[in-house]
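Let me begin by presenting the structure, written as structure tokens, before commenting on it.
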Amino acid sequence: MDLEAFRELLTPEGRTALAEAVRVVAEGLDPVAAATTLRRVHDPALTSAALTQAALRRRGEAKFGDEAAVMYFTPHGLEQATRTEVAAHRARRVAGAAGQGQGVGATGATGPRVLDVCCGIGGDLIALARAGCAVDAVDLDPLAAEVALANAAALGLTDRVQVRTADAADTDPSAYDVLFADPARRGSRGRVFDPMAYSPSWPATLELASRAPAACLKVAPGIPYELVPEGAEAEWVSYKGEVKEAAIWLGGFAPALDDESPGHTSTGFSRRATLLPSGETLVPTGAEADTGPVARYLYEPDGAAVRAHLVAEVADLVGGRLLDPRIAYITGDALVRTPWAAAYEVHEVMPFSLKALRAALRKRGVGNATIKKRGSAVDIEQLRRDLRLSGDNSVVIVLTRIADRPYALICQAV
Ligand SMILES: C[S@@+](CC[C@H](N)C(=O)[O-])C[C@H]1O[C@@H](n2cnc3c(N)ncnc32)[C@H](O)[C@@H]1O
């Protein structure tokens, strides 16, 4: 969808075409029949834009819930947008930043003035505005900027939001209370994993942050520790058990420099793991985990705790120990329920061998297996085929390494 097609969607005829497209998509009409229906009334370009938008709204429900029905998306914009719950979590903390309570040119906000330098279709922008911030947003892509503005309007937030097309490099973070940046992690050839290849690049984003009184930078959860600036707080966030992002909090958000908490002193920055939607959070306690043999229960820590190097803290919570000092599986004699780890009861432990595992599963009548691995090079799908499972029972198979030897654990989820 180009800018012209998007603008057409905002006209009265465009809105009518989109409403019809939403209706035919909801009725389950196949794409050809849907296009034929709309083209009786609208031209081909508007028909195509409306049907694309209707399909995107449907996809958008996974991230934006019911509000997707009034929002606008681009395919890349939707893919890169922060889901509502995660954006709202961050926005609450941003809104608590010290600020003058006057937006730059915006009037409806009571919270800090925030500069969002990579607003995309506005996932974070909306959450920040909702939390009470006055947000000035820019995006290099004119279409993204217009879509973000249309979304702010659709959700009744225009009194506290301004959006324009600009390069982040041409903004002045020092004029705001908070800089928020969610650099693009997509290049022309798909997803980008190296923060140096983000747009703006990680050094350029940090330079912008250094000019703001406080900053929050959203990055991929795999950010290498050596790229997190000294003194920052890095917060890994998972949503319903899946790690979504890390937020790097700087300036006024960073912990005090004399903070000598265990997490801070060992890495030069503070670490935190947060679970959403509950909002539970875990910070380093200085816990150290022992290593020991497989016991009755196996615990798989939440990915946010693993990324934040808080596995010893989770082991402490469940009174457990590690199976191997380098692998994030915990074992323990007692069943302790915690949102920080999934628990499994261990039924059988064996050095990994396809033949032995197949025989054990056959004996147990296992037709359905969830296969998990950490520290194992086994190709899970290939293994599933090779196991030729058959039977009425279900198990969880955990493949791991203990003291450099591969093991398979046959377990049951608790
Ligand atoms: C990850 S998306 C932002 C998603 C947004 N936070 C949301 O929740 O919808 C990154 C955006 O940065 C924009 N971008 C990339 N380089 C930029 C630059 N130098 N200046 C401003 N925006 C840029 C891209 O066009 C893209 O829309």
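Things worth noting here:
- Checklist (1) within 21 Å of Val395 (Cβ to Cβ); (2) surrounded by fewer than 18 Cβ atoms within 10 Å (Cβ to Cβ); (3) not aromatic (Phe, Trp, Tyr) applied to Glu300, failing item: (2)
- Tally of residues being more than 11 Å from the ligand (Cβ to nearest atom), in contact with a helix residue (DSSP H, G or I) (Cβ under 9 Å, 6 or more places away or on another chain), open to solvent by 30 Å² or more (accessible area, probe 1.4 Å) and among the hydrophobic types (A, V, I, L, M, F, W, C) across segment 110-154: 3
- Cβ-Cβ contacts under 8 Å between residues 6 or more apart (or on different chains), taken from a first residue in segment 46-70 that is free of Cβ contacts under 8 Å to residues at least 12 places away in the same chain to a second residue that is of a type in the set (Gly, Ala, Ser), are listed as Glu61/Ala68; Glu61/Ala69; Ala68/Gly60.
- Residue satisfying condition, being closer than 20 Å to Ile402 by Cα, more than 34 Å from the chain's Cα centre (by Cα) and crowded, with 17+ Cβ neighbours inside 10 Å, within set Leu361, Leu357, Leu322: Leu357
- For segment 328-348, the candidate set comprises residues that are crowded, with 18+ Cβ neighbours inside 10 Å and part of a strand (DSSP E or B); within that set, the residue that is nearest to the chain's Cα centre (by Cα) is Ala341.
- Verdict on Arg401 being open to solvent by 60 Å² or more (accessible area, probe 1.4 Å), assigned by TED's automatic domain parsing to the domain that holds Pro301 and within 30 Å of Leu275 (Cα to Cα): yes
- Residue check for Ala328: out of contact with any Lys or Arg (no Cβ under 7 Å at 6 or more places or on another chain) and modelled with pLDDT of 95 or more: no
- Of the strands (runs of 3 or more DSSP E) that lie entirely inside segment 141-226, those containing 2 or more residues that are within 25 Å of Thr110 (Cα to Cα), at pLDDT 95 or above and over 22 Å from the mean Cα position of the chain (by Cα) span 161-165.
- Residue match in segment 245-253 (condition: modelled with pLDDT under 95 and part of a loop (DSSP other than H, G, I, E, B)): yes
The values are calculated or read from the model by the stated rules, or taken from the named source; none is laboratory data. Note that the structure is predicted; figures quoted are calculated from it, not measured. Cβ coordinates were reconstructed from backbone atoms using ideal geometry, including for glycine residues, and neighbour counts include every protein chain displayed. Protein only, heavy atoms only, side chains kept; ligands, DNA and RNA dropped before computing areas. Shrake-Rupley method; radii C 1.70, N 1.55, O 1.52, S 1.80 Å.
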